[in-house]
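A quick write-up on the structure given underneath.
The values are calculated or read from the model by the stated rules, or taken from the named source; none is laboratory data. All figures in this text were calculated on a predicted structure; none of them were measured in a lab. Positions of Cβ are generated from backbone atoms using ideal geometry, with glycine treated the same way; all protein chains shown enter the neighbour counts.
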Amino acid sequence: MKFIKKNKIIMIILLVILIIGIGMYPVLSKKGVIRVTKNDSNALKIYVFKGQPSPLFATCISNFKKMYPQIKIEEIPFSSDGDEYFKTLLSDTLAGDGPDVIYFEPEQLNVHKLQKAQMLEDLNPFIEKDKDFDGENYNKNILNTGLYNGEMTFIPLDYYVNSYITTTKVLKDNSIELKNNITQNEFISSINKSMKSISANGSKTLFAYPISITDWIESSGIDYIDYENKKISIHSNEFKKVIDNYKIVYKDSPKQVDITGTSGDEGYNAIKSGSSIFSNDKLSLGFDMELLQSESKIKSVVGEEQVIDSIPTYNGGDKVTAMAGESMAISKNCKNKAMAYNFIKIALTSKMTGTSDYDGFVPLMNVPTNKKTREDLVNYYLEKQVGKSIQINKRGEHVTMEKPSKQFQIYYNKITENIETAKVKDITLDSLMMQCLTPYLEDKEPYDSTLKSLESKINLYLNE
């Protein structure tokens with residue numbers, strides 16, 4: 001009897017060990033990823049915009065399904081327009097019922113509201129445990145745009161630097177001389193002579209596409225808002241000068257309310273026709289491959305040497321302010337945060353399969369945050385595109401690609417190696433600023449009264 005009882009005990013122990021082993025298998029079966037526990041959900045809910053989906057996001061979903069077939073992707077489609085997607089994404093996440101992985105663009109979703117509501121998971125613990133995450137492969141200032149109260153609330157997959165393209169002939173014809181690393185004041189001063197003829201002409205604009213007031217201020221590099229401590233600094237002489245400089249740009253550039261859509265060719269066409277001095281289309285200044293091709297396009301389509309540079313900072317120099325682009329975050333209510341982090345890791349990789357464009361590179365909207373991705377794209381351009389005829393638009397036009405000039409290389413190094421600080425666009429703040437400052441920009445009200453109104457509304461916004 002004792003022998004039988006002892007055997008029963010042994011069998012029970014073995015059975016318990018077996019059950020534990022089976023339960024732990026998902027934890028031990030993956031190598032090089034954040035481990036998943038048996039209590040984690042086997043599904044990830046994701047909102048998908050079907051109108052014009054991000055190639056990056058669509059490829060991430062496809063590759064994630066291949067890598068983790070045991071995890072169900074629950075796709076919630078939005079088929080009408082981008083506004084509905086981002087509005088629903090924000091409201092549902094704030095209500096605690098949004099997607100597990102949050103894909104967004106700061107220009108269309110106010111991530112500050114999600115941060116303040118503490119609806120975004122801190123990614124720092126995942127990054128610290130991730131042996132594959134190489135911090136040296138990412139610009140620290142770009143990653144830090146996701147920091148809020150010490151937590152890494154989101155990761156920018158790409159970024160942009162507000163810049164412009166023109167040509168040596170356009171500058172000469174308009175009596176503009178732009179030196180390297182000038183201040184914002186010097187930039188405005190250098191174009192002031194031509195501004196009078198632009199204003200008198202009426203058919204010519206300074207920039208081919210609107211520059212938002214917050215993009216202009218952020219590009220200056222001055223600090224004026226502290227979200228964490230709910231403070232603003234807009235009473236300095238520097239802030240007023242930046243606004244006065246913007247006033248000149250605003251008056252002689254297209255207004256956002258007049259833009260119904262963009263094809264990405266507006267800047268090239270404006271430079272070619274002489275209707276604008278500067279092209280600032282983000283479609284041609286953003287995604288790395290488009291950026292690398294821009295010099296050859298200008299030379300072929302316009303027939304002139306390209307001049308490219310970033311919007312000058314207030315103090316000048318060779319440093320720039322970057323703006324976070326396509327980004328991803330994890331909802332606080334996500335039940336499988338480990339797998340959600342693995343989804344983001346796929347988005348950060350250098351190369352993803354599933355697309356025929358550029359030998360497997362997935363087109364981002366802006367410059368990749370991942371340094372290795374940028375290097376791979378540059379090498380691809382130099383090895384596979386230079387010397388070849390490439391179709392540059394839907395009209396079927398082809399251009400033979402050339403090696404980047406020394407001037408282009410200086411600009412490219414500036415926007416990839418000399419990022420002094422990085423910011424996140426705030427669409428609510430942009431709207432408040434235009435609402436309050438437009439009367440001053442259009443000479444209808446004095447600066448002090450519009451600034452007082454702006455201060456009151458920003459304070460209300462920060463403390464709501």
- Task: Inspect region 79-86 for any residue being in contact with a helix residue (DSSP H, G or I) (Cβ under 9 Å, 6 or more places away or on another chain) and among the hydrophobic types (A, V, I, L, M, F, W, C) and give the result as yes or no.
- Result: no
Residues of region 102-135 being of a type in the set (Asp, Glu) and under 20 Å from the mean Cα position of the chain (by Cα), in sequence order, are 105, 107, 121, 122
If you go through region 451-458 one residue at a time, do you hit one that is under 19 Å from residue 229 (Cα atoms), without any contact (Cβ under 8 Å) to a residue 60 or more places away in the chain and not assigned by TED's automatic domain parsing to the domain that holds residue 145? yes
Q. Out of all the residues in region 440-454, is one or more at pLDDT 95 or above, outside any loop (DSSP other than H, G, I, E, B) and under 25 Å from residue 117 (Cβ atoms)?
A. yes
Within region 417-454, residues over 24 Å from residue 148 (Cα atoms) and of a type in the set (Ser, Thr, Tyr) come out as 438, 440, 447, 449, 450, 453
Restricting region 346-364 to residues that are of a type outside the set (Val, Ile, Thr) and at pLDDT 75 or above, the one farthest from residue 63 (Cα to Cα) turns out to be 348
Within region 169-177, can one find any residue that is basic (Lys, Arg) and either crowded, with 22+ Cβ neighbours inside 10 Å or without any contact (Cβ under 8 Å) to a residue 24 or more places away in the chain (or both)?
yes
In region 120-131, residues that are surrounded by fewer than 21 Cβ atoms within 10 Å (Cβ to Cβ) and touching a residue at least 24 places away in the same chain (Cβ under 8 Å) total 7
Just one listed residue, out of 241, 282, 247, 272, is buried (at least 16 other Cβ atoms within 10 Å of the Cβ) and farther than 26 Å from residue 172 by Cα, and it is 241
The number of residues in region 295-345 that are in a helix (DSSP H, G or I) and not aliphatic (A, V, I, L, M) is 10
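Here is a yes/no grid of residues against (1) modelled with pLDDT under 95; (2) assigned by TED's automatic domain parsing to the domain that holds residue 425; (3) over 19 Å from residue 141 (Cα atoms):
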| residue | (1), (2), (3) |
| --- | --- |
| 293 | yes, yes, yes |
| 302 | yes, yes, yes |
| 328 | no, no, no |
| 334 | no, no, yes |
| 366 | yes, no, no |
| 383 | yes, no, yes |
Inspect all residues belonging to region 199-218 and state whether any of them is surrounded by fewer than 16 Cβ atoms within 10 Å (Cβ to Cβ) and either on the phi > 0 side of the Ramachandran plot or of a type in the set (A, V, I, L, M, F, W, C) (or both). yes
Of the conditions (1) surrounded by 15 or more Cβ atoms within 10 Å (Cβ to Cβ); (2) within 24 Å of residue 56 (Cα to Cα); (3) in the same structural domain as residue 290 (by TED's automatic domain parsing), the single one that residue 441 does not satisfy is (2)
Among the residues of region 215-274, the number that are closer than 21 Å to residue 439 by Cβ, of a type outside the set (S, T, N, Q) and assigned to a loop (DSSP other than H, G, I, E, B) is 6
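Hey, among 445, 455, 464, 397, which residue is in contact with a helix residue (DSSP H, G or I) (Cβ under 6 Å, 6 or more places away or on another chain) and not small (Gly, Ala, Ser)?
Unique residue meeting the criteria: 445.
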